[in-house]
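Notes follow once the structure below has been shown.
What follows is calculated from the coordinates using simple rules that are stated; it is not laboratory data. Small disclaimer: the values here were computed from a predicted structure and weren't measured. Positions of Cβ are generated from backbone atoms using ideal geometry, with glycine treated the same way; all protein chains shown enter the neighbour counts.
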Amino acid sequence: MNEFYLRTESIKQTDILDLSVVNEADRSILAALKSNEPCLLEGSRGTGKSFLMRVAELELEAENESCATVFVPFNMSSLISTEDNLQFYHWMMAKTLKYLLNKLRRKGIVVSSLSANLLSNDENENENEVQVSLKEIVKLFEESYKGSASVDISALPDIEDVKEAIQMICEENSLDRVIFFFDEAAHVFRPEQQRQFFNLFKDLRSPYITCNAAIYPGVTHFGDSFELIHDCTYKKLERNISDPDYLQYFKDIVFKQSDENLRSDIDRQRALFNTLSLSSGGNPRMLLRTLQDLTKLNTSNVNTVIKSFYRNQIWTEHTELGEKYKGHRGIIDWGRDFLENSVIPKVAEYNNVRKEKGIDESTIYFWIHKDSPEEVKEALRLLTYTGIIRKVDNSVRATRVELGSRYEIKYGCMISLESSPHNESSEFFKNLSIKKFPEFGKNHSSYSGSRGILLTDDEQQYEESLKSLLAKPIEVLVLLTQWQKEKLKGAGVNTIEQLHKSTEQNLIEKIYNVGPARARLMKNAAAAELLEYISG
């Protein structure tokens, strides 16, 4: 089978639009990302948030020469550990300005000495000097994980000076505005980082600046001063398996990356492909991963892959969150036990009873009372983050007229319970009803053991977990190809930290027959994978 791009960071900018598939829902999101209003785009891992922001960035550049787009990745945030209480805010500021100046230079936009001076507190009047200063601050922050560090931030400007400088740059170069796209907005297991991010997101608001950001469902902390309703346009990136264009949409995504042989196999075995598409529950990365694991597209292999991925692998990756971040282990493990041992069996029993009675009805949904213990809600939020479940809606009335939230279990997790998932899928999907679901009241017996396991917000514990993660072998990076891993190990790169420290030049020198272009691709793919692994 083909090898697919599983991450936006692995795709060249010049290939993004050629690989894009955009339906009506995506077009609504793109319109929000290209508007003058700040936008937050929420979606689970692998749903395509970064890709859509890249598409929006490229479309804006093609459609409107009077705006400057700046894509700022924040995936290095996991490595920051300094004595500065506002460390993340200051790192974001330095990184954002560094990327801004880099983009302006590439567009040939002139930064006057006055604007450069406003962007630097140490009175640099040349944009190159300012950029060198910012680059050094960013580097010091991103190397601070090696030990508690003190970073001199005296060169960083005040936020009002930043806004004034950007206004001057726009007026002097006939630009309407600068549009920032913030990817990986903040580390999901460091709430204080997230609160500081939303402070900056709000602080940057001006007639000359628009901010957009990608965030995760359930685990985002907005802080006290940021309000979703008033401070941004809020969009959710979800693909409902019941949408009429769902199967064609996912076929188009796969065809964009497929060779002629795979396309022919899919057209010939469309029902098998549909089963894999539905199993992914709207997650393109999961579909591509399961397709990539197939040696041949036939019923036996599809059944094997569905059982392996949705019974085991997807759960293992969720449990690894607790292994990575010890303070969250209790809530993560309890959430998995609750879903695997209580919710899914209850949903399966619900379906079996109706099947035995000859009722054409099936469900992948369940309902949780609004007054359920906070620990239960937190466990469900983390399961939403990893994409095993999806919150469909709030304030849904159950049989006793009480209110609660309705959740959807990943389709693949349900049909993987069958002896032959593919053979059962067509009838199961046809009979799906969102109106039918088992209910879990506010004092349900299955909540037993959840009390007192809320996650701890402890920076020292996080730092200890980070050191443990960096010592792990590169084998844990599941989205690196085996060829990449073997080449890296052959070059003496055996651990995550060694990989992080390796430069493109190191890889060129150490790996036989790898030139600058391929070394850069390997380094970018490896860096994206290891930073995603570290961030959860």
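Sequence-distant contacts, meaning Cα pairs under 8 Å at least 6 residues apart, place the relative contact order of the chain at 16 percent. Annotation for ASP393 and THR14: the two label points, set 7 Å from Cα along the Cα-Cβ direction, are 4.8 nm apart.
Ordering ASN117, VAL162, PHE74 by Cα displacement along the dipole of the chain toward the positive end leaves PHE74 in first place; charges were set at the Cβ atoms of Lys, Arg (+1) and Asp, Glu (-1). If the segment from GLU61 to THR299 were pulled out straight at 0.36 nm per residue, it would be longer than the present Cα-Cα gap by 81.2 nm. With respect to the chain, whose longest principal axis is taken over its alpha-carbon atoms, helix 459-470 is tilted by about 80°. Among CYS211, CYS170, sorting on how many other beta-carbon atoms sit within 10 Å of each Cβ, with the fewest leading, yields CYS170, CYS211. Neighbour counts of C-beta atoms inside 10 Å place TRP91, TRP334, TRP483, TRP315 in the sequence TRP483, TRP315, TRP334, TRP91, starting with the fewest. Checking the Cα-Cα distances for LYS324/LYS501; LYS235/LYS377; LYS235/LYS346; LYS135/LYS487; LYS146/LYS324; LYS202/LYS236 against a 25 Å cut-off, the pairs over it are LYS235/LYS346; LYS135/LYS487.
The slack in the chain from ARG311 to ASP243, taken as 0.36 nm per residue of separation less the alpha-carbon distance, amounts to 22.0 nm.
When only alpha carbons are used to place a centre, region 298-325 and region 346-377 end up 22 Å from one another.
Per-residue Cβ neighbour counts within 10 Å put ASP152, ASP183, ASP371 in the sequence ASP152, ASP371, ASP183, beginning with the fewest.
Here region 8-236 is treated with +1 on each Lys and Arg Cβ and -1 on each Asp and Glu Cβ, and its dipole about the Cα centre works out to around 740 debye.
The simple Förster model, with R0 at 41 Å and r as the Cβ-Cβ distance, assigns SER112 and LYS256 a FRET efficiency of 0.40. In degrees from 0 to 90, rounded to the nearest 10, what is the angle of the helix 329-338 Cα long axis to the longest principal axis of the chain? Around 30 degrees separate the two axes.
Across all directions, the average flat footprint of the convex hull enclosing the Cα atoms of region 7-144 is 10.0 nm².
Each Lys and Arg Cβ is given +1 and each Asp and Glu Cβ -1; about its Cα centre, the chain then shows a dipole of about 2000 debye. Principal-axis analysis of the Cα atoms of the chain puts helix 246-255 at an angle of about 60° to the longest axis.
Estimated from helical segments only, the mean residue ellipticity of the chain at 222 nm is -15000 deg cm²/dmol, where each DSSP H run of four or more residues counts as -39500 (n - 2.57).
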